[in-house]
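This report refers to the structure that appears directly beneath it.
The values are calculated or read from the model by the stated rules, or taken from the named source; none is laboratory data. This one's a predicted model, so the numbers in the text were calculated from it and none came from an experiment. All Cβ positions, even for glycine, are placed from backbone atoms using ideal geometry, and neighbour counts span all protein chains on display. SASA here: full protein model, heavy atoms, side chains in, ligands and nucleic acids out. Shrake-Rupley method; radii C 1.70, N 1.55, O 1.52, S 1.80 Å.
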Amino acid sequence: MNEVIALPNRIGLKLMNAIRFAGGFGHLVGTTAKELFIPPFPLRLTLQQIYAIGVESFVLVLITGLATGSVMALQFGYGLARFGGTLYVPKLSSLAILREMGPVFTSLLVAGRIGSGMASEIASMKVTQQIDAIRALGTSPIQRIVIPRLVACMIALPLLTLMADYVAMIGAMLIAKFELNIGFNFFIAKVLETLTLADLFTGMAKTMVFAFFIAITACWKGLNTEGGTQGVGQTTTWVVVMSSIFIMVADFFLSKFFLVTVYPKY
């Protein structure tokens, strides 16, 4: 009985938290957009974040890309073999990698590794009052904390995705050769025949949007962390979950948008 009575309170609390998040997210986006063009630009901090996001994630992205391309070629190959369509594996694999799997898997990986790292670092600064100290020194936390991470993420993630796409193609090509008896020359010819610059650019555009959501979500939650060290742990988990949800939902709407505008023939 008590649980039934408490249910409206829990629903109301969830609703208030959602409204608070939407308002805070929008306010942070607006403030960041305004302060982005106020000199001086934090170039050194941005380069440090590009190194942390891009270079330190390089090996993980390569492994993920290789595994993704190999699995996709294997699944497409054995699935299409029932209908005599094995020769379509290069076309299907390359389109799926560039449009969907490369951007989405790389972004999810970065959200898990970098998004959680950003959130925990900023949350630790918040609970130890370092952010208050930055304000006391007359410096904007947005310029010192948010802008470097946002810009670095929007630069590094597309580059990581580009590398993941390339490695995934290699993995698919190797599986096609040694498991499906599709020659390298045939695979490359079909890939070049199928792919266009639009396929590449739409995938890169997706990663820009994903990077925006990852960085802003991590920064907002980190800046609003409460509850000491326990709050830092909760923040890390929350950011990974919310970033992943944002990526999957945004991927659907972006895919629909590109299919209507960039690929009207479909």
Residue list for the stretch 220-266, filter: assigned to a loop (DSSP other than H, G, I, E, B) and polar (S, T, N, Q): N224, T225
Flag if I188 is at pLDDT 90 or above and buried (at least 21 other Cβ atoms within 10 Å of the Cβ): no
Of residues in the stretch 64-84 being of a type in the set (F, W, Y) and touching a helix residue (DSSP H, G or I) at 6+ places or on another chain (Cβ under 9 Å), the one surrounded by the fewest Cβ atoms within 10 Å (Cβ to Cβ): Y78
Test result for K206, open to solvent by 10 Å² or more (accessible area, probe 1.4 Å) and part of a helix (DSSP H, G or I): no
All positions within the stretch 92-109 that are in contact (Cβ under 8 Å) with a residue 24 or more places away in the chain and open to solvent by 60 Å² or more (accessible area, probe 1.4 Å): F105
Unique match (being closer than 20 Å to L223 by Cα and in contact with a helix residue (DSSP H, G or I) (Cβ under 7 Å, 6 or more places away or on another chain)) among R144, R99: R144
Conditions (1) over 30 Å from E179 (Cα atoms); (2) of a type in the set (A, V, I, L, M); (3) modelled with pLDDT of 90 or more: number failed by A73: (1)
Counted residues, the stretch 110-126 - those being touching a Ser or Thr at 6+ places or on another chain (Cβ under 7 Å) and open to solvent by 50 Å² or more (accessible area, probe 1.4 Å): 2
Residue that is nearest to the chain's Cα centre (by Cα) [pool: residues in the stretch 146-201 that are among the small types (G, A, S) and closer than 30 Å to Q48 by Cβ]: A156
Condition check for L160: of a type in the set (A, V, I, L, M), in contact (Cβ under 8 Å) with a residue 40 or more places away in the chain and more than 29 Å from L45 (Cα to Cα): no
Pair list, Cβ < 9 Å and 6+ apart or interchain, from the stretch 18-34 residues that are loosely packed, with under 11 Cβ neighbours inside 10 Å and at pLDDT 85 or above to residues that are charged (D, E, K, R) and not in a helix (DSSP H, G or I): none
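Here's the yes/no breakdown for (1) aliphatic (A, V, I, L, M); (2) more than 21 Å from the chain's Cα centre (by Cα); (3) modelled with pLDDT under 90:
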{"position": "V209", "(1), (2), (3)": "yes, no, no"}
{"position": "T225", "(1), (2), (3)": "no, yes, yes"}
{"position": "V232", "(1), (2), (3)": "yes, yes, yes"}
{"position": "S244", "(1), (2), (3)": "no, no, no"}
{"position": "A250", "(1), (2), (3)": "yes, no, no"}
{"position": "K265", "(1), (2), (3)": "no, yes, yes"}
Single condition I182 does not satisfy, out of (1) β-branched (V, I, T); (2) surrounded by fewer than 19 Cβ atoms within 10 Å (Cβ to Cβ); (3) more than 24 Å from R113 (Cα to Cα): (2)
Tabulated pairs, the stretch 225-247, first touching a residue at least 12 places away in the same chain (Cβ under 8 Å), second buried (at least 17 other Cβ atoms within 10 Å of the Cβ) and part of a loop (DSSP other than H, G, I, E, B), C-beta under 6 angstrom, 6+ apart or interchain: G231/T225; T235/T225
